[in-house]
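Notes follow the structure.
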Amino acid sequence: MLDLLPLSPTDLFQGVFMATHRSGAVTFKGNPLTLVGEELAVGSAAPAFDLACYQDGGMQQITNADLQGKPAFISVVPSLDTPVCQVQTKTFNERLAALGDKVTALTVSLDLPFAMNRFCGAESITAMKCGSDYMDRSFGEGWGVLIDELKILARAVFVLDAEGVVRYAEVVPEVASEPNYDAALAALEGLVAA
């Protein structure tokens with residue numbers, strides 16, 4: 001019966017269960033790396049996600065529904081245990097604080113929720129929630145930022161409008177470099193002013 005299929009069982013499995021792999025999409029210290037998932041284009045609907053967050057003494061979920069109703073800002077980092085990721089998170093937190101409750105802001109990594117909570121508490125990160133994709137890496141794959149070789153997230157920034165449509169997307173080409181803070185925040189501020 002399988003002989004009647006136009007594809008072999010292996011090809012069928014890979015086509016159905018294997019995500020797109022984009023070789024050389026980013027580098028880490030000059031070494032090319034592969035991103036898993038489609039590149040997220042401006043104008044597309046934000047992919048669904050389900051992140052874990054440790055807050056108020058217990059585990060909680062963060063989903064797309066938590067971001068809708070006002071502009072949203074998503075900062076993606078490889079690990080809050082690294083200096084560049086710490087600078088990125090602190091810089092965005094400081095600059096987003098001026099917007100108050102006009103926006104929803106989120107930092108996403110594969111760090112454990114407990115470690116993210118500890119970092120945010122120690123560094124007074126209050127303008128952004130922290131969401132961990134450690135359970136299944138579905139955010140990384142769905143948003144096209146999972147580094148296949150390292151099994152961590154690439155550095156990226158996304159801005160969504162109140163309906164969950166991507167209005168700004170930056171995947172930083174060199175993972176060890178910082179994002180374009182000004183461009184990302186200008187995109188967000190444009191939505192707040194509209």
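Data table
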| read-out | value |
| --- | --- |
| First in region 82-105 and within 10 Å of GLU178 (Cβ to Cβ), second anywhere and in a helix (DSSP H, G or I), Cβ under 6 Å, 6 or more apart | THR91/TYR181 |
| Only one of VAL36, VAL42, VAL26 that is at pLDDT 95 or above and touching a Pro at 6+ places or on another chain (Cβ under 8 Å) | VAL26 |
| Enumeration of residues in region 61-89 that are farther than 20 Å from LYS151 by Cβ and loosely packed, with under 15 Cβ neighbours inside 10 Å | GLN61, THR63, ALA65, GLY69, PRO83, VAL87 |
| Residue in region 47-60 that is modelled with pLDDT under 95 and either on the phi > 0 side of the Ramachandran plot or in a helix (DSSP H, G or I) (or both) present | yes |
| Filtered residues of region 97-106 (kept if crowded, with 17+ Cβ neighbours inside 10 Å and either basic (Lys, Arg) or in contact with a Ser or Thr (Cβ under 9 Å, 6 or more places away or on another chain) (or both)) | ALA105, LEU106 |
| Filter result (of a type in the set (Val, Ile, Thr) and either at pLDDT 95 or above or under 27 Å from the mean Cα position of the chain (by Cα) (or both)) within region 1-23 | VAL16, THR20 |
| The lone exception for ALA183 - which of (1) closer than 25 Å to GLY30 by Cβ; (2) crowded, with 19+ Cβ neighbours inside 10 Å it fails | (2) |
| Of the criteria (1) surrounded by fewer than 20 Cβ atoms within 10 Å (Cβ to Cβ); (2) free of Cβ contacts under 8 Å to residues at least 60 places away in the same chain; (3) farther than 23 Å from VAL26 by Cβ; (4) not basic (Lys, Arg), which one GLU170 fails | (3) |
| Test: residue in region 35-49 that is free of Cβ contacts under 8 Å to residues at least 60 places away in the same chain, loosely packed, with under 13 Cβ neighbours inside 10 Å and more than 16 Å from MET135 (Cα to Cα) | no |
| Boolean, GLY140 is among the small types (Gly, Ala, Ser) and at pLDDT 95 or above | yes |
| Strands (runs of 3 or more DSSP E) contained entirely in region 79-193, each with at least 1 residues that are over 13 Å from the mean Cα position of the chain (by Cα) | 104-109, 166-171 |
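The values are calculated or read from the model by the stated rules, or taken from the named source; none is laboratory data. Bear in mind the structure is a predicted one, so any value in this text is a computation, not a measurement. Every residue, glycine among them, receives a Cβ derived from its backbone with ideal geometry; neighbour counts consider all protein chains shown.
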